[in-house]
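Just so it is clear, none of the values below were taken in a lab; they were calculated from the coordinates. Keep in mind that this is a model prediction, so the values were computed, not measured. Positions of Cβ are generated from backbone atoms using ideal geometry, with glycine treated the same way; all protein chains shown enter the neighbour counts.
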Amino acid sequence: MDAWHITWFTIVSATAATALMLPPGVAIAWILARYRFPGRSIVETIVSLPLVLPPVATGLILLLLLSRRGIIGRFLESLGIDVVFTWKAVVIAMATMGMPLLVRTARAGFEQVDQRYEHVAATLGARPARIFFTISLPLAAPSVIAGAVLAFARALGEFGATIMIAGSIPGVTRTLAVAIYSYTETGRDSSAFVLLGISAAIAFGALWIANKLSERRPA
Amino acid sequence: MIALDFELIQGSFTLDIHVRLEGRAAAIFGPSGAGKTTILDAIAGLRTPRCGSIQTHDHVLYSSSDGINLPPRDRHVGYVPQDVALFPHMNVQRNLLYGRHPGTSPEPSRVTAMLEIDALLTRRVSQLSGGERQRVALGRALMSGPSLLLLDEPLAAVDVPLRRRILPYLERVRDELGVPIVYVSHDREEVQQLADEVILIDNGRVMASGEPAVVLG
Amino acid sequence: MARVLTLLVVIGLWPVPQPASPITVAAAVSLTDALNAAGEEYGQNGARKVYFNFAASNVLARQIVNGAPVDLFISADEEQMRVVEKAGLVAEGTRVDLLSNQLVVIVPDDRPRTFTSIRELLDPAFKRIALGDPAAVPAGVYAKRLLEKEGMWTAIEPRVVPAVSVRAALSAVESGAADAGIVYQSDALTARRAKVAWVVPVDRGPRIIYPAAVIRRSAVTADAKAFLAFLQSDAATRIFTRFGFAPAR
């Protein structure tokens, strides 16, 4: 077992998943915060689903969609793209599970931005895109960042959906969580404990950084 | 300078405004809750009336019969809200320059000199006093080169001695820059000093309009 | 209010005649359908109810060793039974070899193939091959043994998708996520979206044995033994054969 490869793979995948989630997540959070439209509650519900469903259930839904015989999988296969049981599935599972956390936190951030600022910016001649990037997003930035950090942390520990669509293929899709599971299931306890130690170290490190960041911000 | 002929529904409250303002500075006077801020919002395009029209002498800003409803950014209206709303994450200079259009905006130095805010340019918004914020907000609105200036209770949040110091700036804007002003107030003295005409609003309707001395008695 | 509470407590604690406690059977997941049918038949004669816990045998062995309250254990290979024996948890003299099975190669039913030999599995078209985790799941251990014997393991290993159980491997093939898989013949019979491409001849494949044993800690050893005896009866054998198992040789 290559503990460092597994660790590196997990962190890189979680980072990629967070980056993947940011544009659509922030956009959805913005739209939900500012606009009323028919079907709004449906969008809210779908976005929140991975938060409420058991992760393996979400994983099963992803599998049905993305496997070779699934609706999306079929289309991807015609393009020569393989998703299930590859590293792409790991990133997708992480992004899916982290998305609701990002959207909810970012949305709360946008809702707290006083619309007066946006209105004044409009009277000063700014188009909606400029208002978003120069006013709304910077003012909501702390929440957006907090949401991204939450989503990243969730991605690091993601297991249920990952094991469903990515499996536990050594060297290919084994994240820390998945590897710990596989090793304990097959009696390789000592290997599992090594990974447990690494996971705990990462968790401590992340919490320490998060605490330091919130201390630095003026009250 | 502006003709208002519209009806606007806000919750359980209906605004029914029909008046023509011609002077350099017009005041909207009335008790709180009468709909004064809503009138400014309608002129700025932040609220849409149910029907009617809003026109300046060279532009139609809103006309329900012609299907015109210019978005705020196209109305060339400068707005200073009651809570000033300076962008908290930008310093004074960036606030001032936010709406600047190189072609149509006045020279920054002229505006900052007139409002005496040159020394404040690098300050953060949180470091400004109440009076300084008012002047910066005024400067920001002016820097966008508006054809009309809307001020919501520009002196309300400011204590009396400070009011006397800010009023001259407003007079300068009225006199030196030639930008017509429509502003909301519930201070008689201020209205009498600054405005050429007053409209009295109560319960969403224009009760009286004319010269300050006449309307306010 | 206090009177109502007292009444509720009395009712709640009133001794109620309990039904006879059931037998808990931990069994390899490949036995799911067959044992459910056998358990139903057994229950029809008014005997004790049987509860089944199906999972990969390595998972069950760990649970038993860690104290899970199991009365009877049926493993898909001898190795996992040995784990339980080493922990001193097998009741004296109760271990029997119950069943046997065969390995088959399956493919998704929208890409059916029929092999003329197992070596066709080397075809690069099979990018991902689902097996029970060859590190410990019996079906995977058997499959690895088979492939090693055929000299194919080194070539196949990089393409292996280790599944948490043999039924998970089956499911991976059925969904099309894996292009082929190796499972038990009994599993292939229950498959709805996968087809058998190759049946491993009995003499070419590893010897598959399902040992069964009563667990020493059990509170109902007599009943567990009775159920185990039933599983070796003609009636039970008929059920097992119907589901694709063979009696242990």
Mean per-residue count of partner chain Cβ within 10 Å for A:6-18 equals 0
Per the helix-only model, chain B has a calculated mean residue ellipticity at 222 nm (DSSP H runs of ≥4, -39500 (n - 2.57) each, divided over all residues, rounded to the nearest 500) of -8000 deg cm²/dmol
Inter-chain shielding metric for A:161-171, i.e. average beta-carbon neighbours from other chains within 10 angstrom, reads 4
With Cα coordinates, the longest principal axis of chain A makes an angle with the long axis of helix A:40-52, in degrees rounded to 10, of 30 degrees
Stokes-Einstein D for the protein assembly as shown (20 °C, 1.002 mPa s, Kirkwood Rh from Cα pairs), in µm²/s, comes to 68 µm²/s
Output for region C:143-193: GluC sites (Glu not before Pro) sitting in coil per DSSP, at most 15 other Cβ within 10 Å, listed by number, reads none
The relative contact order of region A:3-216, taking Cα pairs under 8 Å that sit 6 or more residues apart, comes to a percentage of 29 percent
Computed over chain C: longest principal axis from alpha-carbon atoms vs helix C:138-149 long axis, angle to nearest 10 degrees, is 20 degrees
Rounded to whole angstrom, the alpha-carbon centroid of region A:80-123 lies from that of region C:114-191 at a distance of 39 Å
In region B:1-71, the trypsin sites (Lys or Arg not before Pro) that sit in a DSSP loop and have at most 14 other Cβ atoms within 10 Å of their own Cβ are B:50
In terms of the charge dipole of region B:1-130, which places +1 on Lys and Arg and -1 on Asp and Glu at the beta carbon, the residue among B:126, B:86, B:71 farthest towards the positive end is B:126
Computed over chain C: longest principal axis from alpha-carbon atoms vs helix C:2-13 long axis, angle to nearest 10 degrees, is 60 degrees
As a percent rounded to 5, the proportion of antiparallel DSSP bridges among beta bridges in region C:103-199 is 60 percent
Here region C:154-164 yields Karplus 3J(HN,Hα) values (6.51, -1.76, 1.60; θ = phi - 60°; whole Hz; Gly and Pro given as x) of 4, 6, 7, 3, x, 9, 6, 9, x, 9, 6
Mean other chain Cβ within 10 Å across C:21-31 is 0
Counting Lys and Arg as +1 and Asp and Glu as -1 over every other residue whose Cβ sits under 13 Å from the Cβ of residue B:60, the net charge comes to -3
Sorted on mean Cβ neighbours within 10 Å (highest first), peptides C:21-29, A:135-143, B:133-141 come out as B:133-141, C:21-29, A:135-143
Chain B: longest segment with zero exposed GluC sites (Glu not before Pro), where exposed means DSSP loop plus at most 16 other C-beta atoms within 10 Å, is residues B:117-217
The distance between the Cα centres of region C:1-71 and region A:9-23, in whole Å, is 44 Å
Listed by chain and number, the residues whose amide H is under 5 Å from that of residue B:2, excluding neighbours fewer than 5 places away on the same chain and using placed H, are B:21
Note to self, chain C gives a 222 nm [θ] from helices alone (DSSP H runs n ≥ 4, -39500 (n - 2.57) apiece, / all residues, nearest 500) of -10500 deg cm²/dmol
The answer for GluC sites (Glu not before Pro) in region C:55-120 that fall in a DSSP coil and have at most 14 neighbouring Cβ atoms within 10 Å is C:92
PRE zone check, label point 7 Å out along Cα-to-Cβ of residue B:74, amide N under 20 Å, scope region B:80-113, hits B:99-105
Mean separation of Cα contacts under 8 Å (at least 6 apart) over the residue count of region A:107-219, i.e. the relative contact order in percent, is 16 percent
Whole-Hz Karplus couplings 3J(HN,Hα) for region B:52-67, θ = phi - 60° and coefficients 6.51, -1.76, 1.60, Gly and Pro as x, run x, 8, 9, 9, 8, 6, 10, 9, 9, 7, 8, 8, 5, 5, 9, x
If the label point sits 7 Å along Cα→Cβ of residue C:204, residues of region C:88-110 with amide N under 18 Å come out as C:101-107
Which of C:144/C:195; C:127/C:195; C:127/C:149; C:49/C:195; C:86/C:195; C:144/C:225 exceed 28 Å between C-alpha atoms? The answer is C:49/C:195; C:86/C:195; C:144/C:225
What helix-only [θ] at 222 nm does chain A give? Using -39500 (n - 2.57) per DSSP H run of at least 4, over all residues, to the nearest 500, the answer is -25500 deg cm²/dmol
Here the relative contact order (percent) of chain B, from C-alpha pairs under 8 Å and at least 6 apart, is 29 percent
